[in-house]
1. Which ones in segment B:62-83 are touching a residue at least 40 places away in the same chain (Cβ under 8 Å), of a type outside the set (S, T, Y) and at the interface with chain A (Cβ under 10 Å from one of its Cβ atoms)?
2. Going through segment B:93-118 one residue at a time, which ones are within 7 Å of chain A (Cβ to nearest Cβ) and closer than 21 Å to B:V63 by Cβ?
3. Scan segment A:61-69 and tell me whether some residue there is under 17 Å from the mean Cα position of the chain (by Cα) and surrounded by fewer than 17 Cβ atoms within 10 Å (Cβ to Cβ).
4. Which one is most open to solvent (accessible area, probe 1.4 Å) among residues in segment A:94-117 that are modelled with pLDDT of 95 or more and farther than 16 Å from A:P152 by Cβ?
5. Examine segment B:198-213 for a residue that is free of Cβ contacts under 8 Å to residues at least 60 places away in the same chain, under 21 Å from B:G35 (Cα atoms) and within 18 Å of the chain's Cα centre (by Cα), and state whether such a residue exists.
6. How many of the residues making up segment B:154-180 are over 26 Å from B:G128 (Cα atoms) and open to solvent by 10 Å² or more (accessible area, probe 1.4 Å)?
7. Need the failing condition index for B:A44 against (1) more than 18 Å from the chain's Cα centre (by Cα); (2) open to solvent by less than 10 Å² (accessible area, probe 1.4 Å); (3) closer than 18 Å to B:T185 by Cα, just the number.
8. Being in contact (Cβ under 8 Å) with a residue 60 or more places away in the chain and open to solvent by 70 Å² or more (accessible area, probe 1.4 Å) narrows it down to one of B:R224, B:R234, so name that one.
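The values are calculated or read from the model by the stated rules, or taken from the named source; none is laboratory data. Here the structure is a predicted model, which is why all the values come from computation and not from measurement. Here Cβ is always computed from backbone atoms with ideal geometry, including for glycine, and neighbour counts include all displayed protein chains. What goes into the accessible areas is simple: the full protein's heavy atoms, side chains included, and nothing from ligands, DNA or RNA. Shrake-Rupley method; radii C 1.70, N 1.55, O 1.52, S 1.80 Å.
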There are 2 protein chains.
Amino acid sequence: MLLIKAGGGKDLNWEGIAQDIASHLRNQQAVLVHGANAVRAEIADALGIQVRSVVSPTGVSSVFTDQAALDVFLMAYPGLANSRITALLRRKGVNAVGLSGVDGGLWRAKAKTDILVREGTKTKLLRGNLTGRVEEINADLIRLLLENGYFPVVCPPALSHEGEIVNTDNDWAAAVMAEALNVKTMVSLFEAPGLLKDPEDESSLIPSVSGERLEDYRVYAQGRMTKKLLGAGRAFKGGVETIYWGDGRVKSPLVAALAGKGTVIRRA
Amino acid sequence: MLLIKAGGGKDLNWEGIAQDIASHLRNQQAVLVHGANAVRAEIADALGIQVRSVVSPTGVSSVFTDQAALDVFLMAYPGLANSRITALLRRKGVNAVGLSGVDGGLWRAKAKTDILVREGTKTKLLRGNLTGRVEEINADLIRLLLENGYFPVVCPPALSHEGEIVNTDNDWAAAVMAEALNVKTMVSLFEAPGLLKDPEDESSLIPSVSGERLEDYRVYAQGRMTKKLLGAGRAFKGGVETIYWGDGRVKSPLVAALAGKGTVIRRA
């Protein structure tokens, strides 16, 4: 089984991704997990709601999610993005079913209402963060859909163990899904050729990384890429063997990534 | 099997509806179809997008759906409303799965891009209406979920036969679902005690209606209620035997409606 993670950047070539899925995954079970960050930013902007980015004491950046931000999140992820991606895939002949982590208790998360954030040289406690980390998934629901010929198109939010809707990190959730579904191969598509030595220089691609040395690459992974590395670490712990990071903007993003055109990370 | 339709008004008692479903439908298969009109209006208002109401030559009012309106529709229906209702039901112990008509090709509609509308004494042709009428549903997907212990929570949009996302009339779609799922009993909850002789007078409840005389009641059904009557007619044609219309604002909306506290419409 293949788990495909596609980022939420505005330049992702969704036509190409959908075409790749339609053409190349006919005889293989696969699940797609997608983001919607650009759509979210667009809606927040149109509504005049400021997206508040915070940085953890260990340097991981994320979005602080109050009620207004969570509402925008729902409008963007299960609302606009998941519906559009599911419809696009269906037009290509893929029997897609859109699901969020809420549906059927698909993604169950431990709430992290209070978080420590770094502001300049200070560390501050922020409360009321409607966020959580996915700890378990309803693999039965995904298997039920796969065994009956459906292609699950999954996005956040998750449900906390208390049953509240929470924003959650997609890369981590995808890794937890991979373990529960016994996935050996993951692909992650985003707006860069792969892991870069210099994020400003697209020619500085790191073509391969050993999973054992993931920590050493933290120095190259800035901002959101840090989460992708943490997610990769979680995926390897869960039994994933190979992760392909690839450029979601090119003509055939999935095919190119699986051909090793981006960064290939092997566990061994 | 019971099909529950709940309107999208802001005063619907969702806590009560969810509690009724949790307490009273443990040993019965059921499907919920819901609206999100109030949420849609709120988002449109916040975004400064005007919802354009139109009236057909036969006097049926609906919303004209251009691309901006469809985006708002997606934010409201599968985005905010479906996620929140699904999460609420899960907190009550119902194994809810949210789906829109897009998912798995659940609702397939004939597109009605060009529509005739009445403006004063004139009839005008409007083009570019992203709307359709549901003609068939993927009953297999609903049955698959029901047989595996899930409670489907369904909302528009639908997919046109060409694969485009289209706004659609919920009452009609629910009736088509009822036929495909061999449903004999439907409940429809909204912001009124039932069908009223005088829409301004909540004490003018019509307690029962014969399905054969539905057309005679068109005179009492104004605005959105017209669609409910048309939906009821479609439901009876599809084999439904009893439709309970009830007040979605009361303490136990579903229980009260099934006890005949609103308007009971029988086919015979």
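1. We begin by selecting, within segment B:62-83, every residue touching a residue at least 40 places away in the same chain (Cβ under 8 Å); these are B:62-67, B:69-70, B:73-74, B:76-78, B:80-82.
Now drop any that are not of a type outside the set (S, T, Y), which leaves B:63-64, B:66-67, B:69-70, B:73-74, B:76, B:78, B:80-82.
Answer for segment B:62-83, where residues must be touching a residue at least 40 places away in the same chain (Cβ under 8 Å), of a type outside the set (S, T, Y) and at the interface with chain A (Cβ under 10 Å from one of its Cβ atoms): B:L70, B:F73, B:L74, B:A76, B:P78, B:L80, B:A81, B:N82.
2. Correct list: B:S100, B:V102.
3. Yes, segment A:61-69 contains at least one residue that is under 17 Å from the mean Cα position of the chain (by Cα) and surrounded by fewer than 17 Cβ atoms within 10 Å (Cβ to Cβ).
4. Step one: list which residues in segment A:94-117 are modelled with pLDDT of 95 or more, which gives A:94-111.
Restricting the remaining residues to those that are farther than 16 Å from A:P152 by Cβ gives A:108-111.
On the way: A:R108: 73, A:A109: 0, A:K110: 116, A:A111: 40 Å².
For segment A:94-117, the residue satisfying everything is A:K110.
5. Taking segment B:198-213 as the starting set, the residues that turn out to be free of Cβ contacts under 8 Å to residues at least 60 places away in the same chain are B:198-213.
From what's left, under 21 Å from B:G35 (Cα atoms): B:199.
Pick out the ones that are also within 18 Å of the chain's Cα centre (by Cα) and you get none.
No: zero hits.
6. Residues that pass the stated criteria total 2.
7. For B:A44, the failing item is (3).
8. Working: B:R234 fails: open to solvent by 70 Å² or more (accessible area, probe 1.4 Å).
Only one candidate passes the filter, namely B:R224.
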